[in-house]
1. Taking every pair of distinct Cα atoms and averaging 1/r, then inverting, what Kirkwood hydrodynamic radius in Å comes out for segment 1-102?
2. Just check segment 57-107 against the gyration tensor rule for me: Cα atoms, a ≥ b ≥ c as the square roots of the eigenvalues, rounded for a/c under 1.5, and otherwise prolate or oblate depending on whether a/b exceeds b/c.
3. Could you check which residue among 66, 43, 26 shows the biggest mean-square fluctuation in a GNM of the chain with a 10 Å Cα cutoff?
4. For segment 21-70 and segment 129-148, compute the distance between their C-alpha centroids and round to whole Å.
5. Kindly rank 121-133, 44-56, 2-14 from highest to lowest mean number of other beta carbons found within 10 Å of each residue.
6. Restricting to Cα atoms and excluding each atom paired with itself, what does the Kirkwood estimate give for segment 1-61 in Å?
7. Taking only C-alpha pairs under 8 Å that are 6+ residues apart, what is the relative contact order of segment 1-61 in percent?
8. What 222 nm value per residue comes from the helices of the chain, counting each DSSP H run with n ≥ 4 as -39,500 (n - 2.57) and dividing by all residues, nearest 500 deg cm²/dmol?
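Since every read-out is calculated from the coordinates, none of them should be taken as a lab result. What you are looking at is a predicted structure, and each value in this text was computed from that prediction instead of being measured. Cβ sites come from the backbone with ideal geometry, for glycine too, and all protein chains shown count toward neighbours.
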């Protein structure tokens with residue numbers, strides 16, 4: 001019959017429309033269908049019915065552990081009153097060399113005697129140029145760069161907000177363990193294994 005496809009499509013739309021109101025009534029006693037973590041999980045799951053729209057930015061989908069956005073620098077956990085601890089970065093420059101869009105700039109620090117200090121004095125990443133490929137994190141020999149999960153970086157001022165400096169990039173290892181617990185535990189086990197092999201030699 002001519003127009004049967006249109007009727008089927010309208011039927012699906014009508015079904016979602018009715019089911020959304022049925023869900024609204026069902027979730028009324030549990031805190032509502034929106035802005036509720038349990039309801040969001042059901043809406044995005046296989047058992048979800050009705051409208052499955054995520055009410056962003058009040059509601060956000062959880063990102064997978066391997067999600068990658070702008071890189072950040074790993075530091076030791078800070079002492080009380082400090083923003084971040086000792087840098088893992090030795091300013092070797094490998095990340096800047098392998099970066100395809102060349103968005104990383106590093107200024108190596110110097111000791112009082114003029115010799116290089118194995119910590120960066122300045123470290124910049126232009127997030128407008130960064131393509132989030134993760135090569136910097138992959139090639140870093142000291143595990144000093146990781147890919148962040150923070151994707152809400154829009155602003156009206158590119159010159160100050162979109163060029164991240166060392167203070168903004170530095171985050172403690174506890175933050176990495178929080179956003180990527182499985183990977184952090186695996187990396188820590190590999191580091192411990194390498195350290196024990198080094199001691200045996």
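1. Hydrodynamic radius (Kirkwood, Cα pairs) of segment 1-102 is 18.8 Å.
2. Judged from the Cα gyration tensor, segment 57-107 comes out oblate (a/c at least 1.5, b/c at or above a/b).
3. Maximum among the listed residues: 26.
4. Rounded to whole Å, the Cα centres lie 31 Å apart.
5. 121-133, 44-56, 2-14
6. About 12.7 Å for segment 1-61.
7. 32 percent
8. That calculation yields -11000 deg cm²/dmol at 222 nm.
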